[in-house]
1. Can you tell me how much longer the chain between T76 and A43 gets when fully stretched, taken as 0.36 nm per residue apart minus their C-alpha distance, in nm with one decimal?
2. Subtracting the Cα-Cα distance from 0.36 nm times the residue separation, let me have the gained length for R26 to R166 in nm, one decimal.
3. Run the quick spin-label model on R57 and R120: label points 7 Å from Cα toward the beta carbon, then report their separation in nm to one decimal.
4. When the chain is fully extended, how far beyond the present Cα-Cα distance does D6 get from D36, taking 0.36 nm per residue of separation?
Amino acid sequence: MGTVVDDAAAAEFHEFFEAHYAELARLAHLLTGEADAADDLAADALLALWHRWDRVRNADHPVAYARGVVANLARTRIRGAVRERRRIALFWAPRGGGDGYAVDDPDVPTVVDVQGALRRLPFRKRACVVLRHAFDLSERDTALVLGISVGTVKSQTSRAVAELQRLLGPDTPTAQVQVAVAAQRGGGRH
């Protein structure tokens, strides 16, 4: 793996750890919004740095490299959380729960049609429309999850809804597409 074991490198890494651990944990907390995960992400990042310490210590900006590792780990964690929420929403959430988004009688044929149409969208468009409408994530949160800009989220979501309308037929209003996408989590959205 490239782990350096000599005493000078170990002392240098220990000094780096002491100087930057708190900053990296704070960065992880700000990126994920999870105080409990922040320490774990910072520790995981520093472990990864230790395994590459011979390269990291010779880099022009080792702290910037460390921040990049934390950002990548945070992105992976957020993506995993979104996938987990999706699994929970699809398989375990009670149908018609009292979250204010329930539809008593969802239009099942439309929901089935939307599921098929969603599968035909390219990944980024599908991800944007699902995160925005099925998970009610903000444009900013969607951008963070996907590692893209807010402007890209806006354009991809708009294009995805337009493409869904084309796939579902010209008489399908935008609101019906959005409600049907929201129904993918077990309840619709008014």
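All of the numbers you see were taken from the coordinates with simple rules; none came from a lab. Just so we're clear, the structure is a prediction, and the values are computed from it rather than from any experiment. Cβ sites come from the backbone with ideal geometry, for glycine too, and all protein chains shown count toward neighbours.
1. Gain on stretching T76 to A43: 10.4 nm.
2. 45.9 nm is the gain from fully extending R26 to R166.
3. Output for this residue pair reads 5.8 nm.
4. On the way: separation 30, 0.36 × 30 = 10.80 nm, distance 3.29 nm.
Length gained, D6 through D36: 7.5 nm.
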